[in-house]
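Report on the following structure.
Values in this text are rule-based calculations from the coordinates and carry no lab data. Everything numeric here is computed off the predicted structure, so don't read it as measured data. Neighbour counts run over all protein chains shown; Cβ positions are idealised from the backbone, glycine included.
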Amino acid sequence: MARNFLCFFALLFSCCTLSAQNPAPGTPAPDTPAPATPASVPNSAPKVVQAGVATTNGPEVEAFQKIENNWSDAVNDHDQYALELVLSPLFIDISASGDITTRNQQLAGVISQQDKTLHIEQRVVTVRMLGDIAVANGTYVLHHKVASGPIEEKGVFTHVFERNRTGWICVNSQRTVLREESPTSKKKKSESELPFHIPLFSKSDKQ
C-alpha cells in the first residue's frame, strides 16, 4: 500500500514539473531588453578655422577690431596708458613714409603731440591665426597736419600680434599709403588680376 502511494506521488510531481517548464499556449513570454541602437551621428561637425588661413569674418576679426579701436582711441585721446596696453615692449613701427619708431617713441609722441587735427581710424579686413601669433591686415585713414596744411592719408596696414598672459599685444606695424589714380592714368587692372584684393573703403569714400 505504501509503495503504491509513493509511485502515485512521484507521478504527480513529474506532471507538475513538466507543466511549469512548458507554459500554456497564449501565455506572453517574459520581456527581453530591446537591442541597443547606436547613438545618432550629427549631420555635420562644427567648423574649425584652419591655422594660417585668413578669415574675413567671425570672432577673430571682431576681437582684433576691438584692439584696433582701443589703439585708435588711445592715439586720438593722447592716452599713454591705454596705448601701453596695446603695444608690446618689443614693438617696432614702420610708417608709410619709412620712419621707424619704437614703443617708447610712440608713447612719447602721444604725450607731446601738438597736432590737434590728428585722428586715425583703423578697420580690420583679414586675420590669420598662427598659434600664439596673429597677423591682422586692414585699412586706415589718418588725418594730420603737414607743412602744406591738413591732409587725409589713406592706406593699408599689417599688424603682427603676440599672445601674452593678458591678451594680445602688437609687436610690429607697417603701413603703406594707397596711390591715388590720376584721371589720365592708363587702364586700371581688374580685381581678378590683382594677387590679393582688400575691400578698402566704403562707396562714399571712393566717390
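Structure notes:
- Taken over region 106-131, residues that are without any contact (Cβ under 8 Å) to a residue 24 or more places away in the chain and surrounded by 13 or more Cβ atoms within 10 Å (Cβ to Cβ) amount to 3.
- Residue within region 155-168 that is out of contact with any Pro (no Cβ under 9 Å at 6 or more places or on another chain), within 15 Å of residue 119 (Cβ to Cβ), part of a strand (DSSP E or B) and not aliphatic (A, V, I, L, M) present: yes
- Among the residues making up region 83-99, those that are surrounded by 15 or more Cβ atoms within 10 Å (Cβ to Cβ), touching a helix residue (DSSP H, G or I) at 6+ places or on another chain (Cβ under 9 Å) and either more than 21 Å from residue 135 (Cα to Cα) or of a type outside the set (A, V, I, L, M) (or both) are 84, 88, 91, 93.
- Residue match in region 132-145 (condition: buried (at least 17 other Cβ atoms within 10 Å of the Cβ), closer than 21 Å to residue 99 by Cβ and of a type in the set (D, E, K, R)): no
- Residue 141 under 17 Å from residue 169 (Cβ atoms) and either β-branched (Val, Ile, Thr) or without any contact (Cβ under 8 Å) to a residue 60 or more places away in the chain (or both): no
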